[in-house]
1. Please compute the modelled spin-label separation between Leu94 and Glu493, points set 7 Å along Cα→Cβ, answer in nm with one decimal.
2. Sorting Trp412, Trp345 by accessible area (1.4 Å probe), largest first, what list results?
3. First compute the accessible area of the range 177-410 with a 1.4 Å probe, then give the percent of it belonging to carbon and sulfur atoms.
4. Run lengths n ≥ 4 of DSSP H only: what is the helix-derived mean residue ellipticity at 222 nm for the chain, with -39500 (n - 2.57) per run over all residues, to the nearest 500?
5. Can you list the aspartates and glutamates whose alpha carbon is less than 12 Å from that of Lys329, not counting same-chain residues fewer than 8 positions off?
6. Which lysines does Lys487 reach when only Cα atoms under 19 Å apart count, and residues fewer than 8 places away in its own chain are ignored?
7. Note down the relative contact order for the chain as a percent, whole number, built from C-alpha pairs under 8 angstrom at least six residues apart.
8. Would you tell me the accessible area of Tyr460, worked out with a 1.4 angstrom probe on the heavy atoms of the protein chains, in Å² to the nearest 10?
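The values are calculated or read from the model by the stated rules, or taken from the named source; none is laboratory data. Remember, predicted model here, so these are calculated numbers, not experimental data. Cβ atoms come from the backbone with ideal geometry, glycine included; neighbour counts cover every protein chain shown. Accessible surface areas use protein heavy atoms only, side chains included; no ligands, DNA or RNA. Shrake-Rupley method; radii C 1.70, N 1.55, O 1.52, S 1.80 Å.
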Amino acid sequence: MPATEYIVDEPATYSDAVASSSDEELGSYVQNVGVHAKKPQFAPKKTASFESTPNKREHEEFFRAAVELLLKHAVFEGTDRKNSVLRYENPEELQQLFNFSVGSAPSTHDDLLDLLKDTIKYSVKTGHPYFVNQLFSAIDPYGLVGQWLTDALNPSVYTYEVSPVFSLMEEVVLREMRSIVGYEGGQGDGIFCPGGSMANGYAINCARHRLMPDIKTKGLHALPRLVLFTSEESHYSVMKLSSFMGLGSDNVYPISTDSRGKIIISHLREQVERALSEGATPFLVVATCGTTVMGAFDPLEEIADVCEQYQMWMHVDAAWGGGALMSKKHRGLLKGIERSDSVTWNPHKMLTAPQQCSTLLLRHEGILASSNSTNAAYLFQKDKFYDTKYDTGDKHIQCGRRADVLKFWFMWKAKGSSGFEKHVDKVFDNAKHFLDNVKGRPGFELVLDEPELTNICFWYIPPSLRDADRNDPEFKKKLHKVAPKMKEKMMKEGCMMVTYQAQKEHPNFFRIVFQSSGLEKADMIHFIEEFERLGKDL
C-alpha cells in the first residue's frame, strides 16, 4: 500500500504549527503518516488585525494555537519537576534575547506565538513545585480556568447591571468567609481588593472613619494626632498605607516581638499609654496571623482585650495565615479572630488561588459605604429598575474592579470546603516532614525550632564553616554571604527558588515556604539534598 503524502494546500492550523515546533516532533509525525510524507507547507502568514473584536475567521485558529501553547509550555512543562524553575539571564542579556520593542507595523500571528513562547521561556515558573520563594505558588487547575473565564468576560464589578453574576457571587463568597472567620451569621461587610496591602489600607481607613467620620469631608485638619500599633514584623503595607493616607509613618508605633515573632502584649500596653501621655489618640491595632518571614501568629485574644479596654479597632492581617481557618486541625492558630473588627485574608496565598485574590472582611455593616461613597449620579443612579443595593461599587475607592471572586468561587465549587481542608492539612504535613528531616542534620540550623506556620527558616552551614568559632565576629560575616551565593547558584541553574533575608541580629538565613499541595514528602528530601549540593563547596 503506498505511503500517504501529507501536502497542505489550505492553511494549516496554528495548533499544528505549535505541535510541530521542533524537527523531532515533525519527524515523529512523518513516521506516522509514511516515509515519503512531505513537510507541511503553510499558507502566507496572517497579519494581526487592528479591530478590537474577535472574529472567528481571523482569530479562531490563533486562539486555539495560543491556548495549546500555554497549556503545553506554561502549564504542563512549566510545572514538570524535570524542567527548570527558570532560565536565568542577566538584564543586559535578556534585552538582547527578547524582542521587547514596539513599533508602528503589525505583527503576524506566527510572530505573536513566538513571543508567547519566549515570554514563557524567560519567565519564572511560579507554578513549578520547586518555586517556594514567595507567599504564593502553584497553578490550581480550577482557579486557572476561572481566571481565563474572568479575562474572557472582562467584567468590572461595580454595578449589578454590568456584573450581575459577579455582584451576587461576591456577596455569597464574602459572607461565607466572614462566617468561617467567626462573625455571627456571616454578617458584616467585605470586598475583594487588589492585593493584601490595599485590604490593610481599607481597614485603616475604616477604623479612622468610625472614630472620626468628619475626616471624610473635613480632611486631616479635623483630626487629632492618631496613632496605630502593629508588630515590628508586620507587613510593610501598614507603614506604607499609613503614610499614604496622611497619618504619617511616625505615628505607626512598632511593637516588640518575642523570639517566635509574636507581639509582646506588655509592650503594646506601654506604647498605648505612651501615646495617651503624648496627647495622641490611639485608634487601631493591626495584628498579624502569619508574619511574612517567621510565620508567627500574634496573640489575638490578648490583643482583643487591649483593644476593648482602650476602645480601639482591631484589624487582623491574616493575608497569609488565614487559609488555616479552613482546617479544623489548624484553625486554632487564629483563636480570637472572631473578636476582630476586620480581617485581611488572601486566598491567593495558602489556598493557591491565582494572583491576585485578596479580601477585606468586616464585622460592621455599612462602614465601607459610609467611608467611601460619593453617590456619583452617572453610575450609581437610585432610580434604576432593580434593587440598587446590589450596586456595590460606591463602597470601594476604585472605579473599575476585576472579578477576582470568580476563580476562587470556581475553586471552592470544584473542591468544596473539605478539599480546601485536605489541601491545608497536606501543606502543614509536608512542612513538618521537612522540619523533622533537617533537625539534627549536619549543616542545617533552624532559626526557629517550632514554627507555627509552613515557613521554615534556617541556615545552611557549609562544611568549611562547621568547625568555626561561633563567637568569632568573622563567622557571622562569612555565614551572611552563604545564602546569597547559594541563591545565585540555584537561580542560574534554575533548579529551585528559595528566598533569604537577614532579620534583627540574625545574618542571612533561608526561608522556605510550603503552600502547594502538589508537593510530596519525597520533594522535601529533594529540597534538603539540593541545599547540600549547592552549599558543599562554599
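1. 2.1
2. Trp412, Trp345
3. Values: 4700 of 9040 Å².
It is 52 percent, rounded to a whole number.
4. Working: 16 runs with 211 residues, N = 538.
When only DSSP H runs of four or more count, the value is -12500 deg cm²/dmol.
5. The reachable aspartates and glutamates, counting only those whose Cα sits under 12 Å from Lys329, are Glu421, Asp425, Asp429.
6. Result set, ordered by chain and number: Lys125, Lys476, Lys477, Lys478, Lys536.
7. Relative contact order for the chain comes out at 16 percent.
8. 10
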